[in-house]
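What follows is one structure encoded as structure tokens, with my remarks underneath.
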Amino acid sequence: IAVTALMPFQVKMLRDLGYGAGFIIAATSMVSLGSIVSLKYWGRLADRFGNRAIFSISHIGMIFSSFLWIVVEKSSFGSILIFVLFFVVNVFGSGNGIAQTRYLFHAIPSNKQNYINIVNAFFFVACAIGPVLAGLFLYFSRDWHFTSGAVDLNNYHGLFLLNGLLFLLPHTLRR
């Protein structure tokens, strides 16, 4: 749920900040590039160190890449950061996907590997629910705003922080 919850609202936030459609399309293409560049390396790491290490690295990476969205702004630095964040989130997402697939192959007996399709069906339902839950959070927190000194947070920032914290749950369960 946490993996897919943010994407539509990251795009909406970028539009609200004044970024154009061309910039947003170019930035979101970094998601695919992150997968393409990293899958080979995640596979080697998983073969060498196992799933637990990959789960740990990928969860921590997804936590930080969610948290960093709170500093995105309309600036040169913000533009570079946006490209980096879209790239990095799927670098870590790809690592997580490889570890999950390897886990399923080892956890499910070879004569029942067809059950992986059922697991994947639940996964895709969870992916579809993520943006709906995030949208509900934004709707019910639309008037939320926190300002204190240099800190200026709105409901989008709250969503990014909450989403990052959601990765703590599978991170603690990886044992």
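For Val89, the conditions (1) open to solvent by 70 Å² or more (accessible area, probe 1.4 Å); (2) within 17 Å of Phe160 (Cβ to Cβ) are fulfilled apart from (1). Checked against the criterion of being buried (at least 20 other Cβ atoms within 10 Å of the Cβ) and within 23 Å of Asn155 (Cα to Cα), segment 39-50 contains not a single residue that satisfies it. Flag: Ile118 matches the condition of being more than 21 Å from Met7 (Cβ to Cβ), part of a helix (DSSP H, G or I), over 12 Å from the mean Cα position of the chain (by Cα) and of a type in the set (A, V, I, L, M). Taken together, Phe9, Phe23, Phe49 contain a single residue that is out of contact with any Asp or Glu (no Cβ under 6 Å at 6 or more places or on another chain), within 24 Å of Phe124 (Cβ to Cβ) and aromatic (Phe, Trp, Tyr), which is Phe9.
Take residues that are without any contact (Cβ under 8 Å) to a residue 40 or more places away in the chain, farther than 26 Å from His171 by Cα and over 13 Å from the mean Cα position of the chain (by Cα) and tell me which of the helices (runs of 4 or more DSSP H) falling wholly in segment 1-114 contain 2 or more. Write out each step before concluding.
Details: elements: 2-5, 7-17, 21-49, 51-67, 76-107.
In segment 1-114, the matching helices (runs of 4 or more DSSP H) lie at 7-17, 21-49, 76-107.
Remark: Ala53 falls outside the filter, which requires a residue to be open to solvent by 60 Å² or more (accessible area, probe 1.4 Å) and among the small types (Gly, Ala, Ser).
Scanning segment 47-63 for residues that are out of contact with any Phe, Trp or Tyr (no Cβ under 9 Å at 6 or more places or on another chain) and within 24 Å of Met7 (Cβ to Cβ) yields one hit, Ser56.
Applying a threshold of 6 Å to beta carbon distances and a minimum spacing of six or more residues, or different chains, the list of pairs starting in segment 121-150 at a residue that is under 17 Å from Phe167 (Cα atoms) and ending at one that is aliphatic (A, V, I, L, M) and open to solvent by 80 Å² or more (accessible area, probe 1.4 Å) reads Ala126/Ile1; Ile129/Ile1; Gly130/Ile1.
Of all residues in segment 143-168, those that are in contact with a Lys or Arg (Cβ under 7 Å, 6 or more places away or on another chain) and either in a strand (DSSP E or B) or modelled with pLDDT of 95 or more (or both) total 0.
The values are calculated or read from the model by the stated rules, or taken from the named source; none is laboratory data. Since we're looking at a predicted model, the values are computed, not measured. Cβ coordinates were reconstructed from backbone atoms using ideal geometry, including for glycine residues, and neighbour counts include every protein chain displayed. The protein model used for the area step is the full one, side chains on, heavy atoms only, and it has no ligands, DNA or RNA in it. Shrake-Rupley method; radii C 1.70, N 1.55, O 1.52, S 1.80 Å.
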